[in-house]
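The values are calculated or read from the model by the stated rules, or taken from the named source; none is laboratory data. What you see is a predicted model, and the numbers here were worked out from it, not measured in a lab. Cβ placement follows ideal geometry from the backbone for every residue including glycine, while neighbour counts extend to all protein chains displayed. Accessible surface is based on the protein model in full, side chains and every heavy atom, while ligands, DNA and RNA are left aside. Shrake-Rupley method; radii C 1.70, N 1.55, O 1.52, S 1.80 Å.
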Amino acid sequence: MAAIKTLNAKAEVARAQAALAVNICAARGLQDVLRTNLGPKGTMKMLVSGAGVLDFTIDPSVACFFQQIQHPTASLIAKVATAQDDITGDGTTSNVLIIGELLKQADRYISEGLHPRIIAEGFEAAKKKALDVLEEIKIKKEMKRDILLEVARTSLQTKVHAELADVLIEAVVDSVLAITRPGYPIDLFMVEIMEMKHKSETDTKLIRGLVLDHGARHPEMKKRVEDAYILICNVSLEYEKTEVSSGFFYKTAKEKEKLVKAERKFIDDRVQKIIDLKEKVCAHSNKGFVVINQKGIDPLSLDALAKHDIVALRRAKRRNMERLTLACGGIALNSLEDLSVDCLGHAGLVHEYALGEEKFTFVEDCVNPRSVTLLVKGPNKHTLTQIKDAIRDGLRAIRNAIEDGCVVPGAGAVEVAIAEALMKYKHSIKGRARLGVQAFADALLIIPKVLAQNSGYDPQETLVKVQAEHLESEQPVGIDLNTGEPMVAADAGVWDNYCVKKQLLHSCTVIAANILLVDEIMRAGMSSLKG
């Protein structure tokens, strides 16, 4: 009897074999749920919220996040999978599959009397060897556009259908290349993802500039301006209340008029400065002038600007102010005291697009933009959400490839190569820990097996062919999911991220070892003490 029972008679306790069985059952249960999602031929999940809202997804991180998993062990594995997605943007399904399979393989030996600690030591030795093999397999390349396209294709085809993936690949790669600056980290927040419920998903495209989700607020302002100067500012062009308590005190109507005029003049002077600058830079040309302001612009100011052919947008989002300066050039001003020609940006085309009651302003044709927009189109909300999730993963896959400076072969080639290396390595391990290495090698093979199974092929037959081809060719061989035959992944242009595989090996080993070493589960919270 557990000691805790003497303190709390209502505590729930699972010990030794029972605790291990509970944990392994939970891990395998989550594995069975998500295994069909792996690879480009994976199936989708339909998630129904408590309110009855439907969501379709092929991304396991979304499925893990929205499922209200009750079991503590399954919840732990789901959190590891979502953490993998947060860090690297890929490898969530593989994470769940490998943890589940490590526990399944370990269970075979534990049921025969082997202590979990010995298995855990074998796992640790196998992990170190696997990381050494991964270092040997990785291929250092100069990350040119054609390699990045192949990396993006491998990532995106597991998230969306092939026709849509082909459209997204170029847009995603070009957007990352546009914002990449030598010597600076890649900031993916400089790629704005704007959704528009309109037309078909294959109309999704890259805008080399910015798309704002609002339009000009004056009916007489132009809807299309070509070759435009852009003034980006954060200056109030409307009446504002003072920061301290204040009031108007006057004795006569004339004094009141004077006070109102003085307050109005303060705003009018600011507007006049903008108009004077416009007259100066556009006096002898047909160039346009656009003001994008983070704060408000009142109707009188809008009217004055419209009379001088200035297009003004008010209440732009704060996150777009930095993007605008990177896309168009110029400086974002917090005061009009230093207003000069040097502060202006430039765009080849600024135009407004109305979709129902919504308005969008496109700032396009910028010279060498360092911030761009991916305009996601689709007929319904499910499609838009699915494309946005795929784009986020695609962007991170490309960033990972550029930052790693290397890639590894995909299509299950890495797992097969590491498993083969571990089978040779286990003979150098003394004692029963070699059984842990054997279990680790067998567990890694779940990835090629499930890839084959999800594509409609026999997993054992396919795996045997791939292993035989790997031994003959002595280079990483994966599975061609269209034919079920072995293929050299590098020749087919199927590349995975090095950092994803490295993170997988680390996190799966640690979590599987921790779960194996649990010999008692106690649930004795305050809820157990009631009654």
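From the Cα trace of the chain, what convex hull volume per residue do you get, rounded to a whole Å³? Mind dumping the intermediate values first?
Values: hull volume 119.3 nm³, N = 531.
So the per-residue hull volume is 225 Å³.
With the radius of gyration and the Kirkwood radius both derived from the Cα set of region 404-514, what is their ratio Rg to Rh?
Rg/Rh: 0.98.
Number of Lys-Lys pairs in region 417-531 under 30 Å by Cα, sequence gap 8 or more or different chains?
Lysine pairs meeting the criterion: 16.
On the full set of protein chains, 1.4 Å probe, figure out the accessible area of E415 and give it in Å² to the nearest 10.
About 10 Å², rounded to the nearest 10.
Please give the solvent-accessible surface of L471 in Å², to the nearest 10, using a probe radius of 1.4 Å with every protein chain present.
Near enough 100 Å² of accessible area.
Mind checking which lysines have their Cα closer than 19 Å to the Cα of K254? Skip sequence neighbours fewer than 8 apart in that chain.
Hits, sequence-local ones excluded: K265.
Measure nothing but the geometry: give the 0 to 90° angle between the long axis through the Cα atoms of 92-110 and the longest principal axis through the Cα atoms of the chain, rounded to 10°.
It is inclined by approximately 20 degrees.
Write down the percent of antiparallel bridges among all DSSP beta bridges whose residues are both part of region 210-368, to the nearest 5.
55
Ratio of alpha-carbon Rg to the 2.2 N^0.38 Å globular estimate for region 278-360, to two decimals, please. Walk me through the intermediate numbers first.
Working: Rg = 13.4 Å, N = 83, 2.2 N^0.38 = 11.8 Å.
It is 1.13.
For T88, T252, what's the largest-to-smallest order of accessible area, 1.4 Å probe? List each step's numbers first, then the result.
Working: T88 5, T252 70 Å².
So, going from the largest accessible area down, we get T252, T88.
Rounded to the nearest 500 deg cm²/dmol, what is the calculated helix-only ellipticity per residue at 222 nm for the chain, with -39500 (n - 2.57) per DSSP H run of length n ≥ 4?
Counting only the DSSP helices, I get -16000 deg cm²/dmol.
Can you give the accessible area of L97, probe radius 1.4 Å, in Å² rounded to 10?
Here the accessible area works out near 0 Å².
Which entries of K199/K280; K317/K377; K45/K205 show an alpha-carbon separation above 31 angstrom in the structure shown?
Beyond 31 Å: K199/K280.
Given a 1.4 Å probe and heavy atoms of the protein chains only, how would you sort K223, K258, largest accessible area at the top?
Largest to smallest exposure gives the sequence K258, K223.
Can you sort F189, F248 by solvent-accessible area, 1.4 Å probe, largest first? Present the calculation step by step, with values, prior to reporting the outcome.
Numbers: F189 155, F248 105 Å².
Descending accessible area places them as F189, F248.
Would you mind checking the tilt of helix 72-88 against the longest principal axis of the Cα atoms of the chain, expressed as 0 to 90 degrees and rounded to 10?
Taking Cα atoms only, the helix is inclined about 50 degrees.
To test your reading of the geometry: what angle, between 0 and 90 degrees and rounded to tens, separates the Cα axis of helix 162-179 from the longest principal axis of the chain?
60
Give me the percent of DSSP beta bridges within the chain that run antiparallel, rounded to the nearest 5.
Bridges in the chain are about 65 percent antiparallel.
With θ set to phi - 60° and the Karplus curve 6.51 cos²θ - 1.76 cosθ + 1.60, what are the ³J(HN,Hα) couplings of region 283-296 in order, to the nearest whole Hz, using x for Gly and Pro?
4, 10, 8, 9, 5, x, 9, 10, 10, 10, 10, 6, 9, x
Across every pair of different alpha-carbon atoms, what Kirkwood hydrodynamic radius in Å does region 58-173 reach?
After inverting the pairwise mean of 1/r, the radius is 17.2 Å.
Run the accessible area of the chain with a 1.4 Å probe and give the carbon-and-sulfur part as a rounded percent. Spell out each step's value before the answer.
Values: 13460 of 26050 Å².
On the chain, the fraction of accessible area on carbon and sulfur atoms equals 52 percent.
Using the heavy atoms of the protein chains alone and a 1.4 angstrom probe, what is the accessible area of region 210-368 per residue in square angstrom? Each step should come with its number before you reach the end.
Values: 9330 Å² over 159 residues.
Spelled out: the 1.4 Å probe surface of region 210-368, per residue, equals 59 Å².
Compute the distribution of all C-alpha to C-alpha distances in region 210-368, in bins of 10 Å from 0, and list the percent of pairs in each, rounded to whole numbers.
Using 10 Å bins, I get a P(r) of 10, 39, 32, 13, 6, 1 for region 210-368.
Please list the radius of gyration and Dmax for region 310-466, considering alpha-carbon atoms only, with Å as the unit.
So, for region 310-466, Rg and Dmax equal 26.7, 81 Å respectively.
Calculate the dipole size of region 210-368 relative to its Cα centre from +1 charges on Lys and Arg beta carbons and -1 charges on Asp and Glu beta carbons; express the result in debye to the nearest 20.
480
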